[in-house]
Structures are given as structure tokens and as C-alpha cells.
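Novice: My questions will all concern the structure given below.
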Amino acid sequence: QVQLVESGGGLVQAGGSLRLSCVASGRIFTIDAMRWYRQISGKERELVASISSGGSTGYVDSVKGRFTISRDNAKNTVYLQMNSLKPEDTAVYFCNAQSVSNGYWGQGTQVIVSS
């Protein structure tokens, strides 16, 4: 099992920044890719950013150039730096860890961007 705990969400004005953190514990040696998803109430969860064990990253088009995903393997932590935030970025953000056979989720952290 892998446990994930997110933090760093909050209320910010449009144009502002937040950094989300996700700390992993448990069988972390089984983890390959780490991802951030977001979900707006009533809508499907959307993949926002991903980072492989080798450090390769990917982003949904709507956040390219504004969000940066990174990981600190020594701290078992993955980050999502979010800059130039927009009201449409408002959502619950979830951390996801993927192993060969399982996917794990954190409890989510709320991000609210006011206009």
C-alpha cells in the first residue's frame, strides 16, 4: 500500500501562485509515475500534470507554461507549482501514484482562485 497526503491548497487571487505538495509513504519503492489531477464539482477528474520516475513531465494544454510538476525522491514528495492562476483553475486537486499494478489517491486539496 501507498499513502498520499496533499497540502498547499487555499484561496488566492487571480494571477497569484500556490505550491501543492504530496508526500508519499508506505511501499513507495513500487511507485513509477506521479500525477496531479483536478476535479470540479459535477465534472470528471482531469489529469493536469505527470512526472515519471526518470523525471519526464507532461501537462494538459490549459496549464502549460503556468504549472510545473517536480519530485524530490529523497523526501518522497511531488510538487505542483502553480503560477498565473485563473478562476478556471478552481478545483479539488488530487495526487495520484501509479505502480505496475495499482493506483493510489490522496484525499485532495481545495484550490480556489478568485477573480
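Novice: Which of the following residues is β-branched (Val, Ile, Thr), in contact with a Lys or Arg (Cβ under 9 Å, 6 or more places away or on another chain) and closer than 19 Å to SER25 by Cα: VAL92, VAL78, VAL113, VAL100?
Specialist: Step by step, each of VAL92, VAL78, VAL113, VAL100 is checked, and only VAL78 is β-branched (Val, Ile, Thr), in contact with a Lys or Arg (Cβ under 9 Å, 6 or more places away or on another chain) and closer than 19 Å to SER25 by Cα.
Novice: Also, quick follow-up: How many residues are within 15 Å of VAL23 (Cα to Cα), assigned to a loop (DSSP other than H, G, I, E, B) and open to solvent by less than 60 Å² (accessible area, probe 1.4 Å) if we restrict to region 97-115?
Specialist: 2
Novice: So which residues in region 3-20 are closer than 30 Å to SER99 by Cβ and either among the basic types (Lys, Arg) or in contact with a helix residue (DSSP H, G or I) (Cβ under 8 Å, 6 or more places away or on another chain) (or both), if there are any at all?
Specialist: Listed by number, the list holds a single entry, ARG19.
Novice: Kindly check whether there is at least one residue in region 78-92 that is surrounded by 15 or more Cβ atoms within 10 Å (Cβ to Cβ), of a type in the set (Gly, Ala, Ser) and free of Cβ contacts under 8 Å to residues at least 40 places away in the same chain.
Specialist: Within region 78-92, none of the residues are surrounded by 15 or more Cβ atoms within 10 Å (Cβ to Cβ), of a type in the set (Gly, Ala, Ser) and free of Cβ contacts under 8 Å to residues at least 40 places away in the same chain.
Novice: Which members of region 84-96 meet the condition of being assigned to a strand (DSSP E or B) and of a type outside the set (Ser, Thr, Tyr)?
Specialist: If the condition is that a residue be assigned to a strand (DSSP E or B) and of a type outside the set (Ser, Thr, Tyr), then ALA91, VAL92, PHE94, CYS95, ASN96 are the ones that fit.
Novice: Does region 23-76 hold any residues that are among the β-branched types (Val, Ile, Thr), surrounded by 15 or more Cβ atoms within 10 Å (Cβ to Cβ) and part of a loop (DSSP other than H, G, I, E, B), and which are they?
Specialist: Answer for region 23-76, where residues must be among the β-branched types (Val, Ile, Thr), surrounded by 15 or more Cβ atoms within 10 Å (Cβ to Cβ) and part of a loop (DSSP other than H, G, I, E, B): ILE31, VAL60.
Novice: So which residues in region 14-43 are closer than 17 Å to THR57 by Cα and polar (S, T, N, Q), if there are any at all?
Specialist: Once the filter is applied, which keeps residues that are closer than 17 Å to THR57 by Cα and polar (S, T, N, Q), region 14-43 yields only SER21.
The values are calculated or read from the model by the stated rules, or taken from the named source; none is laboratory data. Treat the numbers as computed from the prediction; the structure is a model and nothing was measured. Note that each Cβ is placed from the backbone with ideal geometry, even for glycine, and that neighbours are counted across all protein chains shown. Accessible surface is based on the protein model in full, side chains and every heavy atom, while ligands, DNA and RNA are left aside. Shrake-Rupley method; radii C 1.70, N 1.55, O 1.52, S 1.80 Å.
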